[in-house]
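Undergrad: Mind looking over this structure? Questions follow.
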Amino acid sequence: MTLLSSKMSRIKPSPTVAVTSLTAQLRREGRDIISLGAGEPDFPTPDHISAAGKRAIDDGKTRYTAPDGIHELKTAICDKFLRDNDLTYVPEQISVSAGGKQILYNALMATLDEGDEVIVPSPYWVSYPDMVAVSGGTPVVVEGRMENGFRMTPEDLEAAITPKTKWLIFNSPSNPTGAGYSATHLRAICDVLLRHPHVWVMTDDMYEHIAFAGFEFSTPAQVEPDLFDRTLTVNGVSKAYSMTGWRIGYAGGPEPLIRAMRTIQSQSTTNPCSISQWAAVEALNGPQDFIADRAVAFQRRRDVVVDRLNEIDGVTCPKPDGAFYVFPSIAGLIGKKTPEGLIIENDEAFAKALLQTSGIAVVFGAAFGLSPHFRISYALADDDLTQALDRIETFCASLS
Ligand SMILES: Cc1ncc(COP(=O)(O)O)c(C=O)c1O
């Protein structure tokens with residue numbers, strides 16, 4: 001009998017976490033590394049939110065809570081859904097977890113049986129296919145091509161749906177491309193879903209508030225209220241409020257699903273951190289104006305990154321609608337050689353050579369289901385970003 005379960009053969013460690021760990025290791029070895037790999041804002045958690053966390057400690061709010069969140073936070077989440085998304089949820093339809101990641105995981109664990117299919121549009125966030133697989137489901141990848149702005153077409157969605165399809169996992173603005181679905185794009189997706197009442201929608205709206213001029217965020221149940229009863233609307237405080245380490249994510253959805261997710265959570269982590277929950281109450285109920293200022297700062301960086309990458313021979317970089325990532329194609333560099341003789345056979349070889357020779361950490365496209373691309377997170381200070389782009393330019397120019 002082997003120690004590890006057969007489940008382990010279906011999943012791999014997160015490639016983005018692996019890049020972060022490798023970067024830390026190389027830095028410990030004294031290498032000068034600039035990481036464009038991290039999926040988190042470089043801004044600090046705002047003071048008023050941190051103060052609420054400290055107050056929670058001082059007030060002794062340090063005990064177990066209800067498994068899927070304190071009532072005050074659920075109410076704040078209902079208010080947020082109404083304020084931002086025109087969605088009316090009641091606290092019984094809300095679940096709070098240790099990050100959006102745990103929400104997604106709980107939902108898949110609660111609903112998938114062996115053989116159930118989950119449609120995952122690519123390029124996808126690295127965790128979706130593995131979370132589906134470990135929950136017993138089968139990921140069905142629908143490719144989003146660069147010429148379609150990395151968006152899944154309604155025709156491709158229609159073709160991927162079978163009687164075994166349980167969920168569509170939907171993410172806009174997207175990690176890793178930053179591509180957003182406008183209300184018009186979403187309308188066409190919703191029309192397909194209306195024709196298939198057995199398909200549920202898990203919409204990951206984590207980057208809702210990092211949306212740039214010309215793009216307006218919408219979420220499926222808002223665009224098509226008839227989908228409300230089979231939609232899990234997932235969001236969190238990690239990206240909008242720079243609270244990645246606090247680990248609070250949440251979702252609104254039909255009560256039977258929320259109850260099942262609560263059962264899973266009560267038998268795993270019990271509840272999300274009590275202190276973080278109080279900080280999240282302040283995040284959602286407190287001032288919201290800094291969010292737009294931060295989005296403007298991200299948009300300025302996006303423009304610099306996109307312009308500079310497009311000046312590089314062999315690199316093509318579409319302009320994202322939101323989030324803090326770009327996902328350029330390196331089709332024009334495949335087959336070239338570094339001065340040290342390394343051949344750029346694919347995007348993984350590109351990312352390795354870029355790290356080894358130039359000290360720039362990026363994540364290769366295959367990790368997100370689309371090659372030959374790489375992902376840059378531009379959530380870092382202007383000077384570091386300029387230096388990183390200089391090094392990428394020099395590295396690409398050195399290839400022959
Ligand atoms: C698309 C997407 N969804 C969900 C998450 C998870 O966020 P968290 O667990 O920090 O709430 C991330 C984090 O990188 C993400 O990029």
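Undergrad: So how tilted is helix 183-194 from the main axis of the chain? Cα-based, degrees 0 to 90, rounded to 10.
TA: Roughly 60 degrees, rounded to the nearest 10.
Undergrad: Out of Asn310, Asn346, Asn148, any idea which swings most in a Gaussian network model of the chain, alpha carbons joined below 10 Å?
TA: Comparing Asn310, Asn346, Asn148 in the GNM, the peak value goes to Asn148.
Undergrad: Please report, as a whole percent, how much of the solvent-accessible surface of the chain comes from carbon and sulfur atoms (probe radius 1.4 Å).
TA: On the way: 8870 of 16650 Å².
Within the chain, the accessible surface is 53 percent carbon and sulfur.
Undergrad: Now, a different point. Working from the pairwise distances between different alpha carbons, so that the mean of 1/r is found and then inverted, what is the chain's Kirkwood radius in Å?
TA: On the way: mean 1/r = 0.0458 Å⁻¹.
It is 21.8 Å.
Undergrad: Averaged per residue, what accessible surface does segment 115-205 expose to a 1.4 Å probe, in Å²?
TA: Values: 2940 Å² over 91 residues.
The answer is 32 Å² per residue.
Undergrad: Which lysines does Lys336 reach when only Cα atoms under 22 Å apart count, and residues fewer than 8 places away in its own chain are ignored?
TA: By straight Cα distance, Lys336 reaches Lys352.
Undergrad: Now for a separate question. Can you spot the aspartates and glutamates whose alpha carbon is less than 15 Å from Lys61's alpha carbon? Ignore those fewer than 8 places along the same chain.
TA: Filter leaves Glu72, Glu282.
Undergrad: Tell me which residues come under 5 Å, amide H to amide H, from Thr138 once H is placed; ignore anything under 5 positions away on its chain.
TA: When sequence neighbours closer than 5 places are left aside, the close amide H contacts are Gly115, Asp116, Glu117, Val118.
Undergrad: Separate question: For Ser35, enumerate residues with amide H under 5 Å from its amide H, sequence gap 5+ or separate chain, H modeled in the peptide plane.
TA: Ala361
Undergrad: Past 23 Å, Cα to Cα: identify those pairs from Lys7/Lys101; Lys101/Lys166; Lys7/Lys74, in the order given.
TA: Details: Lys7/Lys101 19 Å; Lys101/Lys166 19 Å; Lys7/Lys74 34 Å.
Where the Cα-Cα span goes over 23 Å, the pairs concerned are Lys7/Lys74.
Undergrad: Cut-off 10 angstrom, C-alpha nodes, Gaussian network model of the chain. Which of Pro13, Pro154, Pro254 fluctuates the most?
TA: It is Pro13.
Undergrad: Which distance in nm do the two modelled labels at Lys61 and Arg259 give, with both placed 7 Å along the Cα-to-Cβ direction?
TA: Those two pseudo-labels are separated by 2.8 nm.
Undergrad: Taking N as the number of residues in segment 64-176, what is its alpha-carbon radius of gyration divided by 2.2 N^0.38 Å? Could the numbers behind the result be given before it?
TA: Details: Rg = 16.1 Å, N = 113, 2.2 N^0.38 = 13.3 Å.
In units of the globular-protein estimate, segment 64-176 measures up at 1.21.
Undergrad: For segment 110-117, just list the computed ³J(HN,Hα) in residue order, Karplus coefficients 6.51, -1.76 and 1.60, θ = phi - 60°, integers in Hz, with x standing in for Gly and Pro.
TA: With the stated coefficients, segment 110-117 comes to 6, 10, 8, 10, 3, x, 5, 9 Hz.
Undergrad: Also, quick follow-up: Quick one: Karplus J couplings for segment 229-243, per residue in order, coefficients 6.51, -1.76, 1.60, θ = phi - 60°, nearest Hz, x for Gly and Pro?
TA: Per residue, the Karplus-derived 3J(HN,Hα) values read 6, 9, 10, 10, 9, 9, 8, x, 9, 4, 8, 5, 10, 6, 10 Hz.
Undergrad: While we're here: Test of understanding: what is the full-extension gain from Glu345 to Ser21, defined as 0.36 nm times their sequence separation minus their Cα-Cα distance? Could the numbers behind the result be given before it?
TA: Values: separation 324, 0.36 × 324 = 116.64 nm, distance 2.42 nm.
Here the answer is 114.2 nm.
Undergrad: Taking θ as phi - 60°, what are the ³J(HN,Hα) couplings along segment 315-325 by the Karplus curve (6.51, -1.76, 1.60), each to the nearest whole Hz, with x for Gly and Pro?
TA: Karplus values, whole Hz, x for Gly and Pro: 10, 10, 10, x, 8, x, 8, x, 6, 10, 10.
Undergrad: What are the extents of the Cα atoms of segment 261-348 along their three principal axes, listed from largest to smallest and rounded to whole Å?
TA: 53, 37, 22
Undergrad: I want the local charge near Glu155. Using Cβ-Cβ distances under 15 Å, sum +1 for each Lys or Arg and -1 for each Asp or Glu among the other residues.
TA: On the way: positive: Arg145, Arg151, Arg187, Arg195; negative: Glu143, Glu147, Asp156, Glu158, Asp191.
Its environment carries a net charge of -1.
Undergrad: So, for segment 231-372, what is the accessible surface per residue at a probe of 1.4 Å, expressed in square angstrom?
TA: Working: 5180 Å² over 142 residues.
For segment 231-372, the solvent-accessible area averages 36 Å² per residue.
Undergrad: Between segment 258-300 and segment 82-104, what's the alpha-carbon centroid distance in Å?
TA: Using only Cα atoms to place each centre, the spacing works out to 9 Å.
Undergrad: What residues qualify as long-range amide H neighbours of Arg145, i.e. H under 5 Å apart, gap of 5 or more or another chain, H built at 1.01 Å from N?
TA: Amide H to amide H, under 5 Å and 5 or more residues apart or across chains, Arg145 pairs with Phe150, Arg151.
Undergrad: OK, next. At 4 °C and a viscosity of 1.567 mPa s, what translational diffusion coefficient does Stokes-Einstein give for segment 1-123, taking Rh as the Kirkwood radius over Cα pairs? Give it in µm²/s as a whole number. If you can, show how the numbers build up before the last one.
TA: On the way: Rh = 19.3 Å.
Translational D for this selection: 67 µm²/s.
Undergrad: Mind checking the full-extension length gain between Ala292 and Ser266? Use 0.36 nm per residue of separation minus the Cα-Cα distance, one decimal, nm.
TA: This chain segment gains 5.8 nm when fully extended.
Undergrad: Give me the compactness ratio for segment 1-45, meaning the Cα radius of gyration over 2.2 N^0.38 Å.
TA: Values: Rg = 15.6 Å, N = 45, 2.2 N^0.38 = 9.3 Å.
Computed over Cα atoms of segment 1-45, the ratio equals 1.67.
Undergrad: Quick one: length gained pulling Glu158 to Thr357 fully straight, 0.36 nm per residue minus the C-alpha distance? Don't jump to the answer; show the numbers that get you there.
TA: Details: separation 199, 0.36 × 199 = 71.64 nm, distance 4.44 nm.
Computed gain between Glu158 and Thr357 is 67.2 nm.
Undergrad: Cα axis of helix 289-310 to longest principal axis of the chain: angle in degrees, 0 to 90, nearest 10?
TA: That works out to roughly 30 degrees.
Undergrad: Also, quick follow-up: Return one number: the angle in degrees, 0 to 90 and rounded to the nearest 10, between the long axis of the Cα atoms of helix 347-358 and the longest principal axis of the Cα atoms of the chain.
TA: Approximately 70 degrees, to the nearest ten.
Undergrad: When only C-alpha pairs under 8 Å and at least 6 residues apart count, what is the relative contact order of the chain, in percent?
TA: Details: 774 pairs, mean separation 87.2, N = 400.
Relative contact order of the chain: 22 percent.
Undergrad: Counting heavy atoms of the protein chains only and a 1.4 Å probe, report the per residue accessible area for segment 1-55 as a whole number of Å². Please list the in-between numbers first.
TA: Details: 3670 Å² over 55 residues.
In whole numbers, segment 1-55 has 67 Å² accessible per residue.
Undergrad: Extending each Cα 7 Å along its Cβ direction at Ser6 and Ala397, get the distance between those two points in nm, one decimal.
TA: In this crude label model, Ser6 to Ala397 measures out at 5.5 nm.
Undergrad: Treating the Cα atoms of segment 292-400 as identical point scatterers in vacuum, please give the log10 of the normalised Debye intensity I(q)/I(0) at q = 0.19 Å⁻¹, two decimals.
TA: The Cα Debye sum returns log10 ratios of -0.93.
Undergrad: For the pair Gln387/Asp307, report the inter-label distance in nm, with labels modelled 7 Å from Cα in the Cβ direction.
TA: 2.2 nm
Undergrad: Right, next: Using the beta-carbon distance between Ala213 and Arg83 and R0 = 25 Å, what value does 1/(1 + (r/R0)^6) give for FRET efficiency, to the nearest 0.05?
TA: On the way: r = 21 Å, r/R0 = 0.85.
After rounding to 0.05, the efficiency reads 0.75.
Undergrad: Let me ask something additional. Assuming R0 = 35 Å, what is the FRET efficiency of Arg145 and Val90, from their Cβ-Cβ distance, to the nearest 0.05?
TA: Working: r = 40 Å, r/R0 = 1.15.
Computed FRET efficiency for Arg145 and Val90: 0.30.
Undergrad: Express in % the proportion of alpha carbon pairs of segment 204-312 at distances exceeding 23 Å.
TA: Percentage above 23 Å: 45.
Undergrad: When only C-alpha pairs under 8 Å and at least 6 residues apart count, what is the relative contact order of segment 247-400, in percent?
TA: Details: 177 pairs, mean separation 29.2, N = 154.
It rounds to 19 percent for segment 247-400.
Undergrad: Here's another thing I want to ask about it. Leaving out same-chain residues fewer than 8 places away, which lysines sit with a Cα under 17 Å from that of Lys80?
TA: Straight-distance partners of Lys80: Lys239.
The values are calculated or read from the model by the stated rules, or taken from the named source; none is laboratory data. These numbers were taken from a predicted model, which means no experiment stands behind them. Cβ: placed from backbone, ideal geometry, glycine included. Neighbour counts: every protein chain shown. Keep in mind that these areas ignore ligands, DNA and RNA; they rest on the heavy atoms of the full protein, side chains included. Shrake-Rupley method; radii C 1.70, N 1.55, O 1.52, S 1.80 Å.
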